[in-house]
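Q: Sending over a structure as structure tokens; questions will come in a sec.
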Amino acid sequence: MSPLSHNELTRRRFVAALSLGLLGVSVPSFMSGSEPVRTATVPHKATAKRVIYLYMSGGMSHIDTLDPKPGIAVAGPVSAIDTSTSGIRVSEYLPLLAKQMHHCALVRSLSTTQGAHEQGNYFMHTSYLLRGTIKHPALGAWIENFSGRGNPTLPGNVVISGGSNYPGAGYLDGAFAPLHIGKPSDGLQYSHAPKGVSDSDSQKRLALLNSMNHDFAQLHPVTSVHSRQSAYDQALALMKSADLAAFDISQESREVREAYGDTPFGQGCLLARRLCEKDVRFVEVDLGGWDTHTDNFDRVEDNCRILDRSLTALLTDLDKRGLLADTLVVLTTEFGRSPEIVDNEGRNHHPKAFSGLLAGGGIRGGQVWGSTDERGETVSRAKVEVPDFNATIAYALGLPLDSVVHSSAGRPFTLADKGKPLIELFKV
Amino acid sequence: MHQSWMILLLCWVSCLCAEDSTPYDVVAAATSLDRLIDSSLSQRHINNNPTASADVLLRRTFLCTIGRIPTLSEQNYWRAIPEAVRHVRLVKELTNSEGWIHHQYNWLADLLRVESQMMKKYRGDTYIAWLKKSIRDNTPWDILVRELLTADGRLLERGHEAVGYYLRDAGMPLDNMSNTIQAFLGTRLTCAQCHDHPFDTWTRAEYLRMAAYTNSAEVGPEKSYQNQMRSMVKKQGDGEMPKAEKQAARKLIETLTGGVRSSTKDTIKIPADYQYTDLKPGDILHAQTILGDPSPVSAGDNPRLVYAQWMTNDANPRFAQVIANRLWKRIFGVGLVEPLDNFTEDTKASHPELMTAITTLMKTVHYDLKKFQQVLLLTKTFSRASSNWENNGTNDYAFPGPVLRRMSAEQVWDSLITLIIPDPDHRRLADAEPLYAWYESMRSKTPAELIDTIHELGKGIDERNKLQQDIKKLEPDRDANKRDIAALRKQIKQIRDRLQNGGHEAPPGESSNNRMEPWSAYRPQLVRSSELPQPAPMGHVLRDFGQSDRLLIDNSSDINSVPQALIIMNGIIDQDILRPNSALMSAIGTTRTPDERLSCIFMAVLSRLPNDQERQRLRSIAATESGLKNIVWSLLNSHEFMYQN
């Protein structure tokens, strides 16, 4: 989308929910009957210190999860259930999460222009469209760019079970690229010198390495070589970190591990909580399998069983530990899925309307932002574009949305590409 | 000197082309490309890079053709051959060796998103074996692509394995179409899947017309077979099938009949969410291409054949150009058009004449990818020192030589195992034969026999589920119940083996070659990347170094990262390379003096001798066992090892 069309859309975005604050907690905004006001000025006070970002890879069906349409054909066999917030209902596939609705703000009016996985995933993570000529940074790198690390010896940006071409640091400092953890139960592998190698040998090895690398780095002063050096520096700092055990979820009790679910995603959420406890600012955990072109209902139900248990455990655990107040939990995906049920009980990609969720980190729980039409096909109210959603996360962290950063070729960029944060979602 | 060189070259060229009906002069073709590069450099007032050293050229040629560093004995062999003739012979031998198949396969697997397990349903073994065979046979690119696009039949039936290309995207015909156009025509249609393309000219309707060629092919298990089985079960009349049997039957039919059935239909219906006014939802569109010849389908024709012929025809404006540009980048590090798969009408190559020349070359060699790459490898440009060049989105590369780049994940792993096992190119792990054999045994069963199998499998599944429940009950007190849990696990494994043999799951293949000499003493997984599961599991060196997850086209990454540093510093070196029986340590064992050891280590890891300074610094360190290991460690962690210079 060009900046022009984006501005145009935000301008067109109507107005008016002063009522929201007055109506108090639980009344969904669409019940007030008018569009919410989008204030232009953005006061800057962080309500969150860190983010746990749960990415549903493949395109999560909104209709079968957070935006149910019970009783009509598009719903298929899925019914809706009540939640801990009266007036808000979610899919029957999310019975545990339903009981945590008082912590959550549902965003039911997300909309993207990108209907293919690679493009949609990239847009959601970076707020910019995928182009051949530039790599944009993802949110975790932006956070480290503006706020630095929360814990000086741990990485500021960790991605658990992410894809092989996850957008990294883009034109920002390569050191802000995420640390990838493949299998959360393995933690950070190889973070100790191998058995039988003494400290003195380790030091000798490093001294030899430095002398080997010195000339090469001088002869080849390119970003790639520089970033490799920086990866080694970070790896060595990590190996010495007093907080290295944060990566080891086996230190949790069996009860806690079971509560999160014995799945890579569940264990990833647990690892995310441990890292947040040690002030890692951005942790993303991915859950794949949402590309339900066939067997949509079986597969969404299976995936929801994983998501429901793990997300609920995460929210209650963070709450119990007093971390939910300043940890923003985000649930999102690249696009929704079609109201039409196609051959083999499938749903196709549906970028026009989909849902996300925000909880903790200063978000006022028990509310719904925006809505879709009766079939879940288009946004009927308070459309949220991808940059707006990301601006909301950045706003919670108190990051400067208007600060311009230039790429190596001199092109100007901002965090969230001029998206407008949904400041009404936050506690007053 | 110059003349004798030329004569030798000509001799070689005639050998190279001896088996061809129309001899083709690869050296002359390389020279004419050099001429174009030279003239464009002089227009830009840029000098060529100096010629690369013999060491650098040898290592680079190995990495570019067979995807790994040379072994010590390979280096000894090649260094004994006079430099004047070495490179041409090297290119010929390596491009005809086993290593070539591994390296080409890795490239193709990233492009085609090859998976060992497709859609969590279909085993990729036979498709992978077929792709490797196509590389071994050097099937021309246009023919290979036609075979993929027109594939039909069952995945496990010999001669039909190419259906893996469609099963990879089973249930997603529209995505499969976009992927096809992106992979082979370098054109991104994905946007037009849902709406008119914002930056290119494609409309959603054009996209749908394109999709109409493949939309009617039936991809997945055979519906007719499913129905037959269903009515068989009904006839037996014992009411509803138990859940476990249903599961077994579904899985069995998927494995047995998974594949593609052609259709002569070439139509697609406008979907309900169509947002433009030119057409209405429910309207019927006929197949039509997006570029060049519109290629309508005549009644009775196979639409996928028409589509494949249009795609691979010399007249297609992008087919030859896109593959030529992809391979150019593979050899030199930068494409003449970047990115490789975002061609539009406005696309301009950095060197338009050169782009035209290599596109013509691709057609002239009749899409023989080996010959095409031989030409590029024999250019003077390939033999020059590399440049420190980076793409910042606005700068073109002038091609005074190849570009310095980090090794790919596969090159890293394959080079590491070169230091561990002997003869790495011939050790196998993957084997599709058991799967073919399983298929042959199952397909000959009558439906009644299959029903019996399903009953049996259902019982097995029930039994397995029950045992799993039993384990769950014992889990809370894991330590006290250790023995019982182990016994139950063993029983489950027995059932699983039985299910595999009986047909619920096809048996896994592991080549018997894996445990033969000279490899019996090494872990089975110490094989080249292409023999491992596709993609390798998370946490493997390959994944840490950016091997593609195979979800998207060309999804591998060469970004440096912390886990890479950790796994090289603290993992594989001490685990495998410094063990006494590794290829490297065995070679070091045959040396007598610290100087010989140093030479051996430097040659094995960096394909060069240490310089005087390095010798001086390291000689005394190499005298002790631990010092020697520390030197090996530092060389393997060095930038120099990790970059293809």
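Q: Based on the mean of other beta carbon atoms within 10 Å per residue, what is the order of A:141-149, A:358-366, most packed first? Before the final figure, lay out the partial values.
A: Numbers: A:141-149: 20.9, A:358-366: 24.0.
Packing order, densest peptide first, comes out as A:358-366, A:141-149.
Q: Summing Lys, Arg as +1 and Asp, Glu as -1, what charge do residues with Cβ under 14 Å from the Cβ of B:Arg35 carry, B:Arg35 excluded?
A: Net local charge, B:Arg35 excluded: -2.
Q: Further question: Within 10 Å of each Cβ of A:196-206, how many other protein chain Cβ atoms are there on average? Before the final figure, lay out each step's value.
A: Details: counts 4, 9, 1, 0, 1, 5, 4, 1, 7, 10, 5.
Other-chain Cβ atoms within 10 Å of each residue's Cβ, averaged: 4.
Q: Can you list residues from other chains, or at least 5 along the same chain, whose modelled amide H is less than 5 Å from the amide H of A:Ile160?
A: Answer set, sorted by chain and number: A:Ile181, A:Glu284, A:Val285, A:Asp286.
Q: Could you give each residue of the range B:375-391 its phi-based ³J(HN,Hα) in whole Hz, using Karplus coefficients 6.51, -1.76, 1.60 with θ = phi - 60°, and x for Gly or Pro?
A: My calculation for the range B:375-391 gives 4, 5, 5, 9, 5, 5, 4, 5, 8, 8, 4, 7, 9, 8, 10, 10, 7 Hz in order.
Q: Another question about this same structure. Kirkwood Rh, the protein assembly as shown, all Cα pairs: how many Å?
A: Working: mean 1/r = 0.0321 Å⁻¹.
It works out to 31.2 Å.
Q: Right, next: What fraction of the DSSP beta bridges in chain A is antiparallel, stated in percent and rounded to the nearest 5? Walk me through the intermediate numbers first.
A: Values: 20 of 45 bridges.
The antiparallel fraction comes to roughly 45 percent.
Q: For B:Lys482, B:Lys121, A:Lys383, B:Lys445, what's the fewest-to-most ordering of other Cβ within 10 Å of each Cβ?
A: Details: B:Lys482 11, B:Lys121 17, A:Lys383 21, B:Lys445 14.
The fewest-first ordering by Cβ neighbours comes to B:Lys482, B:Lys445, B:Lys121, A:Lys383.
Q: Counting partner chain Cβ atoms within 10 Å of every residue's Cβ in A:110-120, what's the average? Provide the component values of the computation, followed by the final result.
A: On the way: counts 0, 0, 0, 4, 3, 7, 13, 4, 7, 3, 1.
That works out to 4 on average.
Q: If you find the alpha carbon centre of the range B:57-75 and of the range A:162-221, how far apart are they in angstrom?
A: If you average the Cα positions of each part, the centres end up 25 Å apart.
Q: Another question, if that's okay. Could you please state, rounded to a whole Å, how far the C-alpha centre of the range B:509-530 is from the C-alpha centre of the range B:537-604?
A: 18
Q: Write down the percent of antiparallel bridges among all DSSP beta bridges whose residues are both part of the protein assembly as shown, to the nearest 5. Walk me through the numbers on the way to the answer.
A: Numbers: 33 of 59 bridges.
In the protein assembly as shown, approximately 55 percent of DSSP beta bridges are antiparallel ones.
Q: Pick from A:Ala207, A:Ala217, A:Ala48: which is most flexible by mean-square fluctuation in a GNM of chain A where alpha carbon atoms under 10 Å apart are linked?
A: For chain A, modelled as a Gaussian network with Cα springs under 10 Å, the answer is A:Ala207.
Q: Using θ = phi - 60° and the Karplus curve 6.51 cos²θ - 1.76 cosθ + 1.60, what whole-Hz ³J(HN,Hα) does each residue of the range B:276-284 get, with Gly and Pro shown as x?
A: My calculation for the range B:276-284 gives 9, 8, 5, 9, 10, x, x, 4, 9 Hz in order.
Q: Further question: Taking only the C-alpha atoms, wrap a convex hull around chain B and report its volume per residue in Å³ as a whole number. Each step should come with its number before you reach the end.
A: On the way: hull volume 133.8 nm³, N = 645.
So the per-residue hull volume is 207 Å³.
Q: Would you tell me the mean number of C-beta atoms belonging to other protein chains that fall within 10 Å of each C-beta in A:222-229, as a whole number? It would help to have the intermediate numbers written out before the result.
A: Details: counts 9, 4, 11, 7, 1, 4, 9, 3.
Mean shielding count: 6.
Q: A:His293's amide H: which non-local residues (gap 5+, or another chain) put their own amide H closer than 5 Å, with H modeled 1.01 Å from N in plane and none for Pro or chain starts?
A: A:Arg347
Q: Whole-Hz ³J(HN,Hα) for each residue in the range A:245-255, computed from phi via Karplus 6.51 cos²θ - 1.76 cosθ + 1.60 with θ = phi - 60°, x for glycine and proline: what do you get?
A: Running phi through 6.51 cos²θ - 1.76 cosθ + 1.60 with θ = phi - 60° gives 4, 4, 7, 9, 6, 5, 7, 7, 5, 4, 4 Hz.
Q: Counting only residues 5 or more places away or on other chains, whose amide H sits under 5 Å from the amide H of A:His350 once H atoms are built in the peptide plane?
A: Amide H neighbours of A:His350: A:Gly336, A:Arg337, A:Ser338.
Q: Add -39500 (n - 2.57) for each DSSP H run of 4 or more in chain B, then divide by its residues: what number comes out at 222 nm, to the nearest 500 deg cm²/dmol? If you can, show how the numbers build up before the last one.
A: Working: 28 runs with 329 residues, N = 645.
My calculation for chain B gives -15500 deg cm²/dmol from helical runs alone.
Q: Roughly how many Å is it from the Cα centre of the range B:350-371 to that of the range A:367-393, as a whole number?
A: Cα centroid to Cα centroid, the span is 49 Å.
Any read-out appearing in this document is the output of simple, stated calculations on the displayed coordinates, not a laboratory observation. Given the structure is predicted, the values throughout are model-derived calculations rather than measurements. Neighbour counts run over all protein chains shown; Cβ positions are idealised from the backbone, glycine included.
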